[in-house]
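Structure first, then comments.
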Amino acid sequence: MDLALLRTFVTVHRAGSFTRAAALLGLSQPAVTSQIRTLERQLGRPLFLRQARGVTPTSIGDELAHKAAPHLDALVEITETGLDDDSSLRTLHLAGPPEFTAERALPALTELIGEDGQGCALRASFGNAEETLEGLSAGHHDLAISTARPRGPLLTATALCDEEHVLVAAPRWARQSGVGRPGHEPKPALEQVPVVEVHESLPFVSRYWASVFDSPPVAPGTVIVPDLRAVLACAVAGAGLAVLPRYLCAAALERGEVVALHDPAVPPLRTYFLVVRTGTLAMPHIARAHEWLQRASADWC
């Protein structure tokens with residue numbers, strides 16, 4: 001069987017579309033379609049069901065991808081690093097949410113690279129869960145950190161750690177909203193405080209309100225900035241309340257730059273997953289980074 005056909009097949013399976021696969025492979029869409037049809041004729045079975053938006057693998061297609069993808073990834077690894085004994089440098093391509101990756105994962109992996117000397121290089125990129133998992137599936141990344149657990153057999157996820165979310169604001173908002181006063185009802189008072197968030201949909205505040213108050217938030221976002229570190233800076237400056245991971249705002253809380261506006265009995269949590277393409281943990285540099293992050297995460301909880 002032609003390995004080029006298998007490579008095209010795995011790329012289509014991961015991309016979920018002939019068009020996206022063609023862009024990833026640097027081929028025309030008709031060329032990708034022709035290669036898939038050739039492979040289907042050779043196997044005598046359909047591999048994909050064509051739909052209006054992309055393609056869905058058949059059960060045979062899923063089985064073939066599950067068996068072939070790890071071996072193709074290993075071949076790509078060989079061609080990228082070479083057969084020369086002097087070509088021992090491996091590059092780990094990591095993707096994840098910007099704040100957690102920058103504050104947690106990258107410092108840990110930098111320690112690993114320092115321990116390994118010249119044996120490993122690191123390339124990182126940031127994105128949301130959907131972008132990160134799509135890039136991992138398409139082969140752009142080796143290892144991904146995601147707040148969503150992927151489905152299907154092509155990606156394997158391991159729970160990494162939980163992060164606690166804290167409702168914070170500058171001290172003046174705590175005084176103004178009456179936090180801590182006897183008989184104080186937090187929810188009505190908090191709904192008078194402006195909101196700082198990463199998106200207009202208020203994902204962090206909405207999740208906190210649903211978990212703690214069993215209702216949606218009332219106040220709209222006053223400041224919207226797509227980075228939690230910037231959200232913290234705005235909260236410190238007095239722009240309003242924010243819901244932040246404790247690891248990100250712990251130092252500001254200790255310094256008194258922000259205060260916790262509420263202390264629920266069960267704080268909202270969010271789980272991070274460490275995700276790889278199934279079978280790629282056979283590659284030593286990916287396996288080492290995977291294990292190293294799991295060990296480091298014991299100190300993050």
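Read-outs throughout are calculated quantities, based only on the coordinates presented, and are distinct from any laboratory measurement. Since we're looking at a predicted model, the values are computed, not measured. Quick reminder, even Gly has a Cβ in these numbers, built from the backbone with ideal geometry, and neighbours come from all protein chains shown.
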Quickly estimate the mean residue ellipticity at 222 nm for the chain, helices only: each DSSP H run with n ≥ 4 gives -39500 (n - 2.57), and the total goes over all residues, rounded to 500.
-> -13000 deg cm²/dmol
Mean separation of Cα contacts under 8 Å, 6 or more apart, over the residue count of the chain: relative contact order % | 21
Test item: Cα-centred dipole of the stretch 3-72, Lys/Arg +1 and Asp/Glu -1 on Cβ, debye | 120
Listed residues Ala105, Ala169, Ala22, most fluctuating in the chain (Gaussian network, C-alpha, under 10 Å) = Ala22
Using Cα atoms only, what is the angle between the long axis of helix 284-297 and the major principal axis of the chain, expressed in degrees (0 to 90) to the nearest 10?
-> 20
Length gain on complete extension for the stretch Arg149 to Thr222, per 0.36 nm per residue less the alpha carbon to alpha carbon distance?
-> 23.2 nm
Given the options His165, His199, His141, which has the most mean-square fluctuation in a GNM of the chain, springs set between C-alpha atoms less than 10 angstrom apart?
-> His199
Taking the stretch 148-249, which GluC sites (Glu not before Pro) meet the DSSP loop condition and have no more than 14 other C-beta atoms within 10 Å?
-> Glu200
Of all DSSP beta bridges in the chain, antiparallel share, percent nearest 5 = 60
Expressed as a whole number of Å, what is the distance separating the alpha-carbon centroids of the stretch 220-279 and the stretch 5-33?
-> 40
Using a simple charge model, +1 on the beta-carbon of Lys and Arg, -1 on the beta-carbon of Asp and Glu, nothing else, what dipole does the chain show about its Cα centre, in debye to the nearest 20?
-> 900
Compute the longest continuous run of the chain that contains no exposed trypsin sites (Lys or Arg not before Pro); treat a site as exposed when its DSSP state is not H, G, I, E or B and it has at most 14 other Cβ atoms within 10 Å.
-> 152-301
Working from Cα positions, state the angle (0 to 90°, nearest 10) between the long axis of helix 106-116 and the longest principal axis of the chain.
-> 50
